[in-house]
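Just below is one structure, and these are the notes that go with it.
Every number here is computed from the coordinates shown, using simple stated rules; none is lab data. These figures come from a predicted structure and were not determined experimentally. All Cβ positions, glycine included, derive from the backbone under ideal geometry; neighbour counts span all protein chains shown.
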Amino acid sequence: MGLPVLVMGESGAGKTYSLKNFEPEEVSVFSVEKSRLPFQKKLPLMAHAKYQDIMKVLEKPNKGAYVIDDSQYLLVNEMFDGMNAGVNNFDMYKKLAMNFRNLVHYINDKLPDNVVVYFLHHTETDKNSGKITAKTVGKMLSDVLTVEGCFDIVLLARLEGTDHVFQTQTDGISTCKSPEGMFASMTIPNDLKAVHTAIQKYYELKPFKQDKQEK
């Protein structure tokens, strides 16, 4: 079974920039909302990706790492498409939740063991408690599904002074988490390639056999 990983953070927290150390043959990026990366290195990128685009590629994966950049826009765009079509009811929000959950379940159940899919996702902060969670749309996702509960690994991209870092465990304010001993400290450098290497080592995942074809 594959492994979905949630990397959440505010816009500008360095989520997408953390891909910089990957090589093109190691990763492919599904960019849901944007069409460019924030650095000059060229990584395989599918701009304005939708669920069907992501699923089509993941049916026959040829890399060990895939990234869904701005994954919260899978929810947002589907919501706005429904509203534009005159639909704005419980059934629409149920569909939003089901499609997102089904994608995570597909990764868990159908992908090879050595394929990791990273969801780069915006956060929201509760005005009363200050709790930082994954951004959603509608109570179906926030109250019933609980996005972070779908993932074994949830990292928080944030600033520590002037440094961009990933937080690996909750401090009581965020919902981030990771298995015991996977990472050496509460905060690690903002480097998703290093995170990928740590995950491979922890779970003893074999390197994915590279294919000349890029997706």
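A few comments on the model shown:
- The modelled label-to-label distance between Val87 and Lys131, using points 7 Å beyond Cα along the C-beta direction, is 3.0 nm.
- Here Lys94 is the anchor, and the lysines within straight C-alpha reach of less than 17 Å, apart from those fewer than 8 places off in the same chain, are Lys135, Lys139.
- Calculated FRET efficiency, Glu33 to Lys206, Cβ-Cβ distance, R0 = 45 Å: about 0.85 to the nearest 0.05.
- Dipole magnitude for the stretch 1-126: about 300 debye, using +1 per Lys or Arg Cβ and -1 per Asp or Glu Cβ, origin at the Cα centre.
- Helical runs assigned H by DSSP (4 residues or longer) give the chain a calculated mean residue ellipticity at 222 nm of -8000 deg cm²/dmol, each run adding -39500 (n - 2.57) before division by the residue total.
- In terms of distances greater than 25 angstrom between alpha carbons, the cross-link table entries Lys42/Lys63; Lys95/Lys177; Lys20/Lys131 yield Lys95/Lys177; Lys20/Lys131.
- Matching the structure-derived Cα extents along the principal axes in Å against the labelled list (i) 45, 40, 33; (ii) 46, 38, 36; (iii) 52, 43, 35 gives the label (i).
- Most fluctuating residue given options Val144, Val165, Val29, as computed from a GNM of the chain linking Cα atoms under 10 Å: Val144
- The GluC sites (Glu not before Pro) of the stretch 118-204 meeting both criteria, a DSSP state outside H, G, I, E and B (loop) and at most 12 other C-beta atoms within 10 angstrom of the site's C-beta, are Glu180, Glu204.
- The chain: most fluctuating residue of Gly149, Gly161, Gly172 per GNM, C-alpha cutoff 10 Å: Gly161
- Cα shape, the stretch 1-40, gyration tensor, a/c 1.5 rule: oblate
- Spacing of the two label points (7 Å from each Cα toward its C-beta) at Glu124 and Asn99, in nm: 1.8 nm
- Distance between the 7 Å Cα→Cβ label points at Glu25 and Asp113: 2.4 nm.
- Restricting attention to the chain, close to 30% of DSSP beta bridges with both partner residues there are antiparallel.
- Rounded to 5, percent antiparallel among DSSP beta bridges of the stretch 105-215: 90 percent
- Candidate lysines - alpha carbon under 16 Å from Lys56, same-chain residues fewer than 8 apart omitted: Lys110, Lys215
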